[in-house]
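Inspection log for the structure reproduced underneath, given as C-alpha cells.
The values are calculated or read from the model by the stated rules, or taken from the named source; none is laboratory data. As the structure is a computational prediction, the values presented were derived from the model and not from experiment. Virtual Cβ from ideal backbone geometry, glycine too; neighbours counted across all protein chains shown. These accessible areas exclude ligands, DNA and RNA; they are computed on the full protein's heavy atoms, side chains included. Shrake-Rupley method; radii C 1.70, N 1.55, O 1.52, S 1.80 Å.
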2 protein chains.
Amino acid sequence: MKRPSLADPKRLSLNTATTRGRWGLAEAIEGCARHGIAGIAPWRDLLADMGVDKAARAIRAHGLTVTGLCRGGMFPAASARARKLAIEDNLRAIDDARTLDAQCLVLVVGGMPEGSRDLEGAREQVLDGIVAILPHAKAAHIPLAIEPLHPMYAADRACVNTLSQALDLCDSLDRRQTGALGVAVDVYHVWWDPDLEAQIERAGRKRLLAYHICDWLVPTKDLLMDRGMMGDGVIDLKRIRGSMVEAGYSGFHEVEIFSKENWWKRDPDDVLRMCKARYRAAS
Amino acid sequence: MKRPSLADPKRLSLNTATTRGRWGLAEAIEGCARHGIAGIAPWRDLLADMGVDKAARAIRAHGLTVTGLCRGGMFPAASARARKLAIEDNLRAIDDARTLDAQCLVLVVGGMPEGSRDLEGAREQVLDGIVAILPHAKAAHIPLAIEPLHPMYAADRACVNTLSQALDLCDSLDRRQTGALGVAVDVYHVWWDPDLEAQIERAGRKRLLAYHICDWLVPTKDLLMDRGMMGDGVIDLKRIRGSMVEAGYSGFHEVEIFSKENWWKRDPDDVLRMCKARYRAAS
C-alpha cells in the first residue's frame, strides 16, 4: 500500500467536541485561527448559543473551512409526530449548514426509541428519514454524511454501525453517486472492522465526505467520554489514512475527542497544540 | 419467520461467569442440579480450583451436560515463545474439555499484544493458533467454537468481531464442515450486526456449536461487567433464537452474565431462579 507522506497541517480541522465545556464557538473559531488550524466543525448547541449568522461571519472573517456541521440524524422515534419533528429539525440543520457553507451535514442516525427492541424497524425509520430530507439537502447543496457509529452505540445513538451498512444506504438512495449522500469515516467507530479497507475503497472519492480522527484507549473506561488523542491508543491511524487517500479522499482530518477525564480538563490552547503535534506525528 | 414456542427449560445452561465470585464450581454444579438446570459451562479458573477429574465426576453424578468449556484462545502475543505457550495452554484446555465430555471448547481468540497496533497481524496469529490446535481437538473429538466478541473488545480481548469473520475462519480451516470447527453465538456480542440473520443462516447446524444469552442494558455503564438479565435490555432475544432454530440449532441456551454491580451481588440461588424465569419469558 502506498504510504502518503506526513499529514498536511493545512488539512487539520477542530471538531468542537474536542474542547467541549471549555470553549464556546466564538472561542473555538479564534482558537483555530490563532493556532493555524484551517478547519472547524461546530456542534449545533454551540452554534445556537453564538447565533448562526454571527458564527458564519466569524468563520469567514478568519478564513476557516467548516468541515462538517454536527449533527443531524436521530430519526427513529416511537410516534409519527416525533419522527416528523426530527425531520423538521434536520431541515433546519441543513439550512444552518448552508449558512455556514459547511462541506457536509453529519448524520448520527439515532438508535431505537425508548422501550423498543426493534432494531430493524429503527433502521427502516432511518432510511425513511434520509429520504425525507435528501431533496432539501440537494437543493441547498449540502451533502449528507452518514456516520456509522461503533456497535456499542447501536441501541441508543446510531443503528447504522458499519461502513458497509452506511454505503448500502447511500447506494439505495443515491445510486448515481451525485455527491449528495456519502459517509463520515470516524476511526473511533470503524477501526475494528475487518472489512474497513474494502469498504473505504468501495466508498471512493464521491462518498468519502469527512474523516474524523482520535484514538482508542486500552483500557477504555467509559463508553462515551474516554476517547484518546491520536497516538495514545491502538488505532493504526496511518494505515487508515493511507486507505482514505488511496480511495481518493483529499479533504480535512477532523479531530473529535470526547474525553471527560483528560482532554476536557486541560487548557484548550494546550489541547490544540497537542492536536497539531499528534496530527503530524501519529496520524 | 417461524417463531418457536416457549424456550424448552431442559435446554438451559449456566455459564459459571453468571455466579462469579459467589460460587465455586462444586457449588455451581450442585446449584444447577438443585434448580433443574441441565447444562453447565465452567470457566477454567474454577475448574482448576476444583480439579478436573473431581469436577467431571460431580458433573456426571448430577447428569449435567457441559455445554462448553470457557475458554481457549488468546493466541496473539509479541514473541514466538509466548505464542507457543498459548498454544500449549490451548492443548491442555482441549484435554480438560475431553475429560468433562464438553460439547465444545469456546475460543476467545485474543486481541493485539500490548503496544501493538497491528490488528491484521493479530488476526493472522489467531488463524495460525487455530491451525496449531485443530488436529489435537479433532483427535479428542472436541469441537472448537470461535466466539466473535463485540467490537469494543477488538483491541484487548478478541480480534474476531463478527460472525462473518468467524465463519470465514471456519471455512478456510474446515472447508468440509466436519463439525470440528464452528462458532459460539453470544447475543451480547452480535445482536447489533445488520448481517446477523444471514450469517446465522450461513453457519447452519454444523457450525452453530453454542448459544449464549443475556441482554444489552441501556445505558451500559461498564464495557465488561454490566451485562443484563434476559428481558432487562434491548436485545430481541426471541427473534435471534428464532434465527438459530431456523438454521438448525437445537442445543442449549447458556446464560452468561457479567454483572459486577447487580447480579454478582445477589444470592446465586435467586440468580438461578431468575435465569429460569427469564429464559422462559424473555428468551
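Worth pointing out:
- Of A:Arg239, A:Arg227, all but one fail to be within 9 Å of chain B (Cβ to nearest Cβ), of a type in the set (Lys, Arg) and within 22 Å of B:Tyr153 (Cβ to Cβ); the exception is A:Arg239.
- Within the stretch B:209-222, considering residues that are of a type in the set (Val, Ile, Thr) and more than 13 Å from B:His150 (Cβ to Cβ), the one most open to solvent (accessible area, probe 1.4 Å): B:Val218
- In the set (1) open to solvent by less than 50 Å² (accessible area, probe 1.4 Å); (2) assigned to a helix (DSSP H, G or I); (3) in contact with a strand residue (DSSP E or B) (Cβ under 8 Å, 6 or more places away or on another chain), A:Lys206 fails one condition alone, (1).
- Against the criterion of being open to solvent by 20 Å² or more (accessible area, probe 1.4 Å), touching a strand residue (DSSP E or B) at 6+ places or on another chain (Cβ under 6 Å) and either among the hydroxyl-bearing types (Ser, Thr, Tyr) or outside any strand (DSSP E or B) (or both), B:Asp171 does not qualify.
Residue-wise test of (1) open to solvent by 30 Å² or more (accessible area, probe 1.4 Å); (2) of a type in the set (D, E, K, R); (3) not in a strand (DSSP E or B).
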site	(1), (2), (3)
A:Ala26	yes, no, yes
A:Gly31	no, no, yes
A:Arg34	yes, yes, yes
A:Ile37	no, no, yes
A:Asp96	yes, yes, yes
A:Gln103	yes, no, yes
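- Among the residues examined, B:Asp128 qualifies as open to solvent by 10 Å² or more (accessible area, probe 1.4 Å), under 28 Å from B:Asp168 (Cβ atoms) and either of a type outside the set (A, V, I, L, M, F, W, C) or without any contact (Cβ under 8 Å) to a residue 12 or more places away in the chain (or both).
- Any chance B:Arg83 is touching a Phe, Trp or Tyr at 6+ places or on another chain (Cβ under 7 Å), in a helix (DSSP H, G or I), open to solvent by 40 Å² or more (accessible area, probe 1.4 Å) and among the basic types (Lys, Arg): yes
- Filter result (assigned to a helix (DSSP H, G or I), within 11 Å of chain B (Cβ to nearest Cβ) and in contact with a helix residue (DSSP H, G or I) (Cβ under 9 Å, 6 or more places away or on another chain)) within the stretch A:156-168: A:Ser164, A:Gln165, A:Ala166
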